[in-house]
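The block underneath contains the structure these notes are about, expressed in structure tokens.
The values are calculated or read from the model by the stated rules, or taken from the named source; none is laboratory data. Note that the structure is a prediction, hence the values are computed from the model and not measured. With ideal geometry, Cβ positions are generated from the backbone for all residues, glycine too; neighbour counts draw on all protein chains shown.
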Amino acid sequence: MAPKPLPARSVLLPDAQTVYPKPFASSVDGREKRKLGDHFGLSNFGINHTTLAPGAISALFHHHSRQDEFIYILEGTATLIHGDDEYLMSPGDCMGFKAGSGVASQVINRSSEPMAYLEAGDRTMADQVEYPNDDLKAALQENGVWLFTHKDGHPY
């Protein structure tokens with residue numbers, strides 16, 4: 001049976017809200033990520049409807065080697081940290097993040113109200129993620145699972 005349109009907020013939240021290893025998992029408390037692309041069986045790119053509670057972050061400050069990313073603010077006010085710069089983003093604002101740029105980013109909700117946005121990214125294999133502010137790096141394995149290690153390569 002073909003899928004039917006539905007409200008994004010009706011897509012169930014995954015059991016685990018992060019794939020970060022234990023020392024970092026709690027850093028994204030207050031984030032709800034509905035994996036819309038997975039719900040519809042999309043395999044070439046992912047798209048998530050993400051809600052951040054006041055004070056919550058989207059992810060650790062990071063950049064990808066091979067995966068482009070894009071965000072579009074739906075509601076509320078977001079603070080985008082991009083390299084050394086900060087930007088306030090409102091509904092209708094968007095930003096793209098080119099793979100391999102070496103410029104790290106993250107979204108923070110510094111407001112007193114929840115905010116929501118769409119995030120899209122491709123699913124390029126062999127992607128690697130650098131986290132400049134944390135002892136963490138990630139590599140996307142052939143089976144689609146992220147492998148997290150310390151920066152020196154030993155596992156968590």
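Structural remarks
- Yes/no for Pro3 being within 20 Å of Asn109 (Cβ to Cβ), assigned to a loop (DSSP other than H, G, I, E, B) and over 14 Å from the mean Cα position of the chain (by Cα): no
- Among the residues of region 123-156, those that are of a type in the set (Asp, Glu), crowded, with 16+ Cβ neighbours inside 10 Å and closer than 25 Å to Ala56 by Cα comprise Glu130, Asp134.
- Which numbered condition Phe45 misses (of (1) out of contact with any Leu (no Cβ under 9 Å at 6 or more places or on another chain); (2) under 25 Å from Glu113 (Cβ atoms)): (2)
- The number of residues in region 25-57 that are under 23 Å from Asp68 (Cβ atoms) and assigned to a helix (DSSP H, G or I) comes to 5.
Residue-by-condition table, conditions (1) modelled with pLDDT under 95; (2) under 17 Å from the mean Cα position of the chain (by Cα); (3) charged (D, E, K, R):
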site	(1), (2), (3)
Ile47	no, yes, no
His62	no, yes, no
Asp68	no, yes, yes
Ile71	no, yes, no
Ile81	no, yes, no
Leu88	no, no, no
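- For region 137-151, the condition holds for at least one residue, the condition being that it is part of a strand (DSSP E or B), in contact with a Pro (Cβ under 6 Å, 6 or more places away or on another chain) and at pLDDT 95 or above.
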